[in-house]
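Here is the structure we will look at.
Every number in this text was worked out from the coordinates using simple rules, so none of it is lab data. Every value quoted in this text rests on a predicted model; they were computed, and no experiment measured them. Note that we place each Cβ from the backbone using ideal geometry, even for glycine, and neighbour counts take in every protein chain shown.
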């Protein structure tokens, strides 16, 4: 099946059922208990600095692990795999002095997810599995100064982010992704750089892929780290007419629900939710069981709030299987028609009166 055929099938699927994203990549990688030598592999055995923890590098040095993780999630019931590219940008990889590998990481990661999708499809004839190319937030923020005494200072510019995101997007598309997922957005300006980059790449290539957008409400204040409410966030990114808008990370499903309900009410596109397995305990670990997470996410579905569900930090194939079972056969949220108005955003949203 070609990418165009998969996208056509996806557009049909979205109106018929709730789609399921996969779960946490980092949680699964941790389960392999990889050591420094595992990260290095043969290719980087003499690299002059520690690189343990650079999970995106595993797509190059231990590709069989990443392929296996994707396949495990597909077998658990996921429809969409997220590529192992959360930190595969020139900006983020600079921490390891591996920025020149960013493009290669994106191509390789996309190919591994595509290979796993094809295996899963071969195991269940007629099944179609999708790959979402992940653009993570980077480890820098364009809106907030990292220096308390210098509020005007920035450690990255909009243009630098655009260059990095364009490179990553080109790599993901070369590797065979079906969608682009801009996720874990804590700074809307970073996200706007990513979206600007993605649209420039589409213009250069002469075709578009569906874009998924997923923000992160960082704490109980109900705002992104850069200060926006969910309404203001939606107003800031709605211009790209995304395939979906949603939230992931930081919160468990219980804490995320009111914000998903808000987006469900105001957005004229699909709604996605992939929460953490609850809130972390004092050891930074996640205790929420698959049954608990699935019950909460399943309620999102029965309440008509979502079109796409999955898991983030702490979730496993067990969680995804339980979530997939919880939403099986349920009708996806009906996308509302939203009255056309002038809608602006700062930290708060603004809708012009008649």
Extension gain residue 295-residue 144, at 0.36 nm per residue separation less the Cα-Cα distance, in nm? 50.7 nm
Inter-label distance, nm, simple model (7 Å from Cα along the C-beta direction), residue 158/residue 119: 4.3 nm
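Could the peptides 43-51, 266-274 be put in order, highest first, of the mean number of other beta-carbon atoms found within 10 Å of their residues?
Ranking the peptides 43-51, 266-274 by packing returns 266-274, 43-51.
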Ranked 165, 103, 286, criterion: other C-beta atoms within 10 Å, fewest first: 103, 286, 165
Expressed in nanometres to one decimal, the distance between label points 7 Å along Cα→Cβ at residue 75 and residue 1 is 2.1 nm
Globularity ratio of region 43-99, using Cα Rg and 2.2 N^0.38 Å: 1.30
Förster-model FRET efficiency, 22 Å R0, residue 95 and residue 218, C-beta, rounded to 0.05: 0.55
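Averaging over all projection directions, find the projected area of the Cα convex hull of region 3-351 and quote it in nm² with one decimal place.
The number I arrive at for region 3-351 is 17.5 nm².
Could you list 83, 157 so that the one with the fewest beta carbons within 10 Å of its beta carbon is first and the one with the most is last?
Listing 83, 157 from fewest to most nearby Cβ atoms yields 157, 83.
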Of the DSSP beta bridges with both residues in region 3-351, give the percent that are antiparallel, rounding to the nearest 5. 15 percent
When only C-alpha pairs under 8 Å and at least 6 residues apart count, what is the relative contact order of region 3-351, in percent? 18 percent
At 37 °C in a medium of viscosity 0.692 mPa s, region 20-158 has a Stokes-Einstein diffusion coefficient, with Rh taken as the Kirkwood radius over alpha carbon pairs, in µm² per second, of 202 µm²/s
What residue among 338, 80, 213 shows peak mean-square fluctuation when the chain is described by a Gaussian network model with Cα springs under 10 Å? 338
If you wrap a convex hull around the Cα atoms of region 267-354, how much volume per residue is inside, in Å³? 118 Å³
Two pseudo-spin positions, 7 Å from Cα along C-beta at residue 16 and at residue 127, lie apart in nanometres by 1.6 nm
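What does the convex hull of the Cα atoms of region 137-290 come to per residue, in Å³, rounded to a whole number? Could you put the intermediate results ahead of the total?
Working: hull volume 21.1 nm³, N = 154.
Per-residue hull volume (Cα only) is 137 Å³.
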GNM, the chain, Cα, under 10 Å: largest mean-square fluctuation among 192, 147, 208? 147
Counting only backbone N atoms under 18 Å from a point 7 Å out along Cα-to-Cβ of residue 330, the residues of region 272-303 in range are 272-278, 289-303
Once fully extended, how much extra length lies between residue 348 and residue 47, figured as 0.36 nm per residue of separation less the alpha-carbon to alpha-carbon distance? 103.7 nm
Out of 307, 55, 106, a Gaussian network model of the chain with alpha-carbon springs under 10 Å gives the largest mean-square fluctuation to 55
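Order 238-247, 123-132 from most to least packed using the mean count of other Cβ atoms within 10 Å.
My ranking of the peptides, most packed first, is 238-247, 123-132.
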Compute the normalised compactness of region 202-331: alpha-carbon radius of gyration over 2.2 N^0.38 Å, N being the residue count. 1.07
